[in-house]
Amino acid sequence: MKRILVTGGAGFIGSHLCERLLNEGNEVLCLDNFFTGSKRNILHLMDNHRFELVRHDITEPILLEVDQIYHFACPASPIHYQYNPVKTIKTNVMGTINMLGLAKRVKARIMLASTSEVYGDPKVHPQREDYWGNVNPIGIRSCYDEGKRVAETLMMDYHRQNKVDIKIIRIFNTYGPRMAPNDGRVVSNFIIQALKGQDITVFGDGSQTRSFCYIDDLVTGTLKMMNVEDFTGPVNLGNPHEFTILELAEKVIELTGSKSRIVFKPLPQDDPTQRKPDISLAREKLRWEPTIQLTEGLKKTIDYFERLLSGQPIV
Ligand code: NAD
Ligand code: UDP
């Protein structure tokens, strides 16, 4: 049994991680400022005596005693990370420095949840970890993608300079139950629009691509990475099956049986045109690859949002 800190533990990915870590018998300390996270995501964990919740903003230092740190706190959807871009950068830079300082003091292994956004609008396809990316440093997505790039740099520098035991994962678009219904990400938007019979809003002509990983696969890869020895990463974690956004819209309509129409809206600035992980490194080092494909994962996610929208229990 380990004492494990999960920053951003009340968020979409963080709450699934807390649950899996508890199921494996660990003590879990969930730290969150509830900017985009929700108590609803962790309500079912509250009466577990090995679970503890701390309301805290990681841009402020904190003194704790833990064995491992999963550093996941950061708004992840464009609407939320662009709402207060300066705060997003502070979360990535000051927040990561604070967590690295904690890891250094207590000699805890620390993992950073980085992102495929570090590749920007990639000129290399699919993206391998040794690709340095094509990122606009002054655009509206920069607070997030440059923020995560600095966070990766900080991780590597604390590792080289202070021998902090680090892990970096680059997460590609992940979806599943407990995505925030209002955060504007494509999978939750399309499902909610389809279930409500509203128009499905495809941005641009829908030819841009993404590769969608179901949450359970992502958590499995994350745990494997944390517990493998002699490998800091960065490592890509994602599902290499690539879809256009138009294909996703059509699939959601098919699976929900919705009468919604597809409408086209302007493409947001700096929206990446294609994204697909090369997961050879994860296959080799972690013996990991996703097992849940889009149709199966979407069905589970649709079921979650149906229950949420009709006021039924969701956990
Ligand atoms: P989320 O918004 O659901 O979760 C983020 C959590 O961090 C929330 O609970 C939020 O309240 C908390 N938080 C934000 N700022 C904080 C601060 N300053 N102090 C304390 N808590 C703070 O997002 P998510 O999808 O669960 O993403 C989790 C992590 O994974 C993020 O670091 C994100 O960048 C990364 N990631 C996610 C995806 C994805 O597809 N979901 C892809 C790539 C990377
Ligand atoms: N998108 C869309 N309609 C929506 C929300 C998003 O067409 O209602 C598009 C968006 O422009 C992008 C893709 O879907 O091309 C994925 O968007 P998301 O915000 O989910 O993730 P990210 O752009 O960070 O990969």
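Tabulated results
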| read-out | value |
| --- | --- |
| Scope the stretch 227-257; condition within 15 Å of ligand 1 (Cβ to nearest atom) and hydrophobic (A, V, I, L, M, F, W, C); matching residues | 235, 237, 243, 245, 248 |
| Members of the stretch 55-72 found to be out of contact with any Asp or Glu (no Cβ under 9 Å at 6 or more places or on another chain), farther than 25 Å from residue 227 by Cα and loosely packed, with under 15 Cβ neighbours inside 10 Å, listed by number | 60, 61 |
| Which numbered condition residue 244 fails, given (1) over 21 Å from residue 112 (Cα atoms); (2) away from ligand 2 (no atom under 14 Å from the Cβ); (3) without any contact (Cβ under 8 Å) to a residue 40 or more places away in the chain | (2) |
| All positions within the stretch 10-54 that are exposed (fewer than 15 other Cβ atoms within 10 Å of the Cβ), of a type in the set (Asp, Glu) and under 17 Å from residue 66 (Cβ atoms) | 24 |
| Strands (runs of 3 or more DSSP E) contained in the stretch 33-139 and holding at least 3 residues within 17 Å of the chain's Cα centre (by Cα) | 68-71, 109-115 |
| Qualifying residue in the stretch 262-280 (condition: more than 15 Å from ligand 2 (Cβ to nearest atom), farther than 30 Å from residue 193 by Cα, buried (at least 21 other Cβ atoms within 10 Å of the Cβ) and among the small types (Gly, Ala, Ser)) | no |
| Total residues in the stretch 64-106, condition touching a residue at least 60 places away in the same chain (Cβ under 8 Å), within 16 Å of ligand 2 (Cβ to nearest atom) and either charged (D, E, K, R) or more than 17 Å from residue 6 (Cα to Cα) (or both) | 6 |
| Selection count, the stretch 175-200, where residues are within 26 Å of residue 127 (Cβ to Cβ) and within 10 Å of ligand 2 (Cβ to nearest atom) | 10 |
| Residues satisfying the stated conditions in the stretch 141-174, i.e. over 16 Å from residue 13 (Cβ atoms), touching a residue at least 60 places away in the same chain (Cβ under 8 Å) and within 15 Å of ligand 2 (Cβ to nearest atom) | 141, 143, 147 |
| Some residue of the stretch 157-168 being closer than 30 Å to residue 67 by Cβ, within 13 Å of ligand 1 (Cβ to nearest atom) and crowded, with 24+ Cβ neighbours inside 10 Å | no |
| Listing of strands (runs of 3 or more DSSP E) fully contained in the stretch 217-315 that carry 1 or more residues being under 24 Å from residue 153 (Cβ atoms) | 235-237 |
| Of all residues making up the stretch 31-56, the number that are in contact with a Ser or Thr (Cβ under 9 Å, 6 or more places away or on another chain) and of a type in the set (Asp, Glu) | 1 |
| Residue match in the stretch 251-262 (condition: without any contact (Cβ under 8 Å) to a residue 24 or more places away in the chain and of a type outside the set (Asp, Glu)) | yes |
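Every number in this text was worked out from the coordinates using simple rules, so none of it is lab data. Here the structure is a predicted model, which is why all the values come from computation and not from measurement. For neighbour counting, all protein chains shown are included, and Cβ atoms are generated from backbone atoms with ideal geometry for every residue, glycine included.
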